[in-house]
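Written below as structure tokens is the structure these notes are about.
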Amino acid sequence: PGVQLMRAYVPGMRARRFGRIINITSAMVKTPHYIMGLSTSARTALTAISKAISAEVVVDNVTINNLLPERIDTPRQEFMAQRMMAADGITHEQARLRIAASINAGRMGQPEEFGAACAFLCSALAGYISGQNLQLDGGSYEGLV
């Protein structure tokens with residue numbers, strides 16, 4: 001669906017000489033895990049085509065960027081906590097602490113932090129940022145680039 005949406009909306013954005021596309025993928029685009037292989041593959045393909053398109057459209061002030069979240073405190077993390085509770089016989093608090101401990105920041109990201117990053121990339125001030133992958137992962141990514 002992401003590619004079809006870009007195909008549908010990019011021509012109008014280019015004609016108006018302004019547009020912002022933000023794909024929400026996953027931190028696993030850069031650090032894939034076997035268990036999420038199919039999901040990661042699809043998200044990585046979207047990341048690649050977005051990069052290719054971004055190089056062509058940025059001249060018309062249309063930017064395409066990707067947000068790569070990891071452990072944002074959403075219903076998905078509640079689902080993961082519930083799975084841990086059932087699998088490991090731990091309390092809700094213990095499960096949430098275990099999730100938080102997997103992040104360098106020692107906590108889950110807040111939806112408001114994610115929203116603020118997205119809002120900035122959508123703003124006119126972000127016109128010189130295109131074809132990028134912004135990780136929202138509490139500093140957990142171990143690579144340099």
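The values are calculated or read from the model by the stated rules, or taken from the named source; none is laboratory data. Only a predicted model underlies this, so the values are computations on that prediction, with no experimental measurement involved. All Cβ positions, even for glycine, are placed from backbone atoms using ideal geometry, and neighbour counts span all protein chains on display. The protein model used for the area step is the full one, side chains on, heavy atoms only, and it has no ligands, DNA or RNA in it. Shrake-Rupley method; radii C 1.70, N 1.55, O 1.52, S 1.80 Å.
Numerical summary
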| quantity | calculated |
| --- | --- |
| Where the chain is the region considered: accessible area per residue in Å², 1.4 Å probe | 61 Å² |
| R0 of 30 Å, Cβ-Cβ distance Ala15-Leu134: FRET efficiency to nearest 0.05 | 0.65 |
| Answer label for Rg and Dmax of the Cα atoms in Å (calculated), chosen among (i) 17.2, 57; (ii) 17.7, 61; (iii) 16.4, 50 | (i) |
| The chain: relative contact order in percent, alpha carbon pairs under 8 Å with at least 6 residues between | 30 percent |
| Residue of Leu68, Leu121, Leu97 that the Gaussian network model of the chain assigns the largest fluctuation, springs spanning Cα pairs under 10 Å | Leu97 |
| Cα centroid of region 8-72 to Cα centroid of region 105-135, whole Å | 13 Å |
| Calculated from backbone phi, Karplus (6.51, -1.76, 1.60) coupling profile of region 95-100 in Hz, x at Gly/Pro | 5, 5, 5, 5, 4, 4 |
| Heavy atoms of Asp137 accessible to a 1.4 Å probe, total area in Å² rounded to 10 | 20 Å² |
| Tilt relative to the chain, helix 37-57 - C-alpha long axis, 0 to 90 degrees, to 10 | 30 degrees |
| Added length on full extension, which subtracts the Cα-Cα distance from 0.36 nm per residue, Arg7 to Leu97 | 28.2 nm |
| Helix 75-88 vs. the chain, principal-axis angle (Cα, 0 to 90°, nearest 10) | 30 degrees |
| Solvent-accessible area, 1.4 Å probe, carbon plus sulfur percent, for region 21-145 | 62 percent |
| 0 to 90° range, to nearest 10: angle between helix 2-16 axis and the chain longest Cα axis | 40 degrees |
| Choice from Ala45, Ala86, Ala95 with maximal GNM fluctuation in the chain (Cα, 10 Å cutoff) | Ala86 |
| Within region 31-130, chymotrypsin sites (Phe, Trp or Tyr not before Pro) in DSSP loop having at most 15 other beta-carbon neighbours inside 10 Å | Tyr128 |
